[in-house]
Amino acid sequence: MSDILLDFKPKHDLLVCIDSDGTAFDNMELKHKECFCPVAINAFSLQSVSKYFREVWEFYNLYAKSRGINRFPGIVKCLEETALREEVKERGLVLPDLSALKKWTEETAVLGCAALEKYVEENQIDDEGINCAIKWSHDVDRYVKEIVHDLKPLPLVKETLEKVSAFADIVIVSAATHDALEREWKENDLLQYVTVVAGQELGSKAACIEKSMRNKYDKDHVLMIGDAIGDYKAAENNSVLYYPIIPGREVESWKKALNEAMDVFKEGKYKGTYMQNCVDDFMTSLKDEKPWE
């Protein structure tokens, strides 16, 4: 079967992989606060503990080192953490058994809804936790399509992409769906700079980076741009370079990318001290302590 990440022909010696949500677009708060979280409250019957779940969801998905986690391990993590809270225990919340869903998230190569549905069909599974997660995922996609539109890229994203596309191939590497990525990037006339769009359907971010660079680029010629630890780890797993868009300092990060960092990358001087300083700054910006403890 053909794979667009393996099959595309490079035009340059350099490759830039770029995340979308929270990196190119300032849409993380909108998606999580208006789509992912409220839909989860309904799908998993969390109405009686909604404020506690919301606090957990926003911490892990927006402000903690787990920011950018895929939706499926994310929902498992947040439901488990919510159930551990004393306020929630006092209200007698009963969650569906999440063990089968958690097992799938730990073993699957592709963390997407289509992959989960295929897993259910092939193994003839009828599990409440998985069924709730599938319904939630479809409802999230519907909400995102209805609510998340007419967004503009962060300031200087377009200018940076235009600059980078002159000397590097660009691949979108995102946990969002392909349709959502195509729509959001097309609405803002950004696809003209992009070589390939790789959404969740093509595999994990680490897998997409690996396939994008396979037999095409030297590792020191590949740079991942992202706003989450998961993006950094995807780069690290492939021994490629990483440039962070720091949450809360997105405009500053893109200004630095445009005026300095991308030139350093082009000149082959990014690896080492320069990158480490960028990564250290990024790591210290994310939270460890749960606000409810």
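The values are calculated or read from the model by the stated rules, or taken from the named source; none is laboratory data. For clarity, every value in this text was computed on a predicted model and none was experimentally measured. Here Cβ is always computed from backbone atoms with ideal geometry, including for glycine, and neighbour counts include all displayed protein chains.
General observations
- Failed item, numbered, when Glu117 is tested on (1) without any contact (Cβ under 8 Å) to a residue 24 or more places away in the chain; (2) assigned to a loop (DSSP other than H, G, I, E, B); (3) closer than 25 Å to Thr177 by Cα: (2)
- Hits in the range 218-265 (condition: closer than 14 Å to Ile170 by Cβ, of a type outside the set (A, V, I, L, M, F, W, C) and out of contact with any Asp or Glu (no Cβ under 7 Å at 6 or more places or on another chain)): Tyr243
- Candidates Ser204, Ser212 - the one that is farther than 28 Å from Ser285 by Cα, crowded, with 16+ Cβ neighbours inside 10 Å and of a type in the set (Gly, Ala, Ser): Ser212
- The residue of the range 230-281 that is surrounded by the most Cβ atoms within 10 Å (Cβ to Cβ), among those that are within 23 Å of Gln200 (Cβ to Cβ) and among the aromatic types (Phe, Trp, Tyr), is Tyr243.
- Matching residues in the range 183-209 - criterion: being without any contact (Cβ under 8 Å) to a residue 60 or more places away in the chain and out of contact with any Leu (no Cβ under 6 Å at 6 or more places or on another chain): Arg183, Lys186, Glu187, Asn188, Asp189, Leu191, Gln192, Val194, Ala206
- Taken over the range 58-75, the criterion of being in contact with an Asp or Glu (Cβ under 9 Å, 6 or more places away or on another chain) and part of a helix (DSSP H, G or I) is satisfied by Glu58, Phe59, Tyr60, Leu62, Pro73.
- Matching option when the condition is outside any helix (DSSP H, G or I) and among the β-branched types (Val, Ile, Thr), among Val279, Val197: Val197
- Leading residue by the ranking (nearest to Ile246 (Cα to Cα)) among those in the range 16-68 that are in contact with a Ser or Thr (Cβ under 7 Å, 6 or more places away or on another chain) and not assigned by TED's automatic domain parsing to the domain that holds Ser204: Tyr60
- Scanning the range 157-203 for residues that are under 24 Å from Arg71 (Cα atoms), acidic (Asp, Glu) and in contact with a Phe, Trp or Tyr (Cβ under 7 Å, 6 or more places away or on another chain) yields one hit, Glu184.
- Qualifying residue in the range 205-213 (condition: touching an Asp or Glu at 6+ places or on another chain (Cβ under 9 Å) and not in a helix (DSSP H, G or I)): no
- Residue that is nearest to Asp169 (Cα to Cα) [pool: residues in the range 1-36 that are crowded, with 20+ Cβ neighbours inside 10 Å and of a type in the set (S, T, N, Q)]: Ser20
- Residues located in the range 1-32, provided they are closer than 16 Å to Ala206 by Cα and either among the β-branched types (Val, Ile, Thr) or assigned to a strand (DSSP E or B) (or both): Ile4, Leu15, Val16, Cys17, Ile18
- Out of Trp185, Trp136, sole residue that is among the aromatic types (Phe, Trp, Tyr), closer than 22 Å to Ala228 by Cα and either buried (at least 19 other Cβ atoms within 10 Å of the Cβ) or in contact with a helix residue (DSSP H, G or I) (Cβ under 6 Å, 6 or more places away or on another chain) (or both): Trp185
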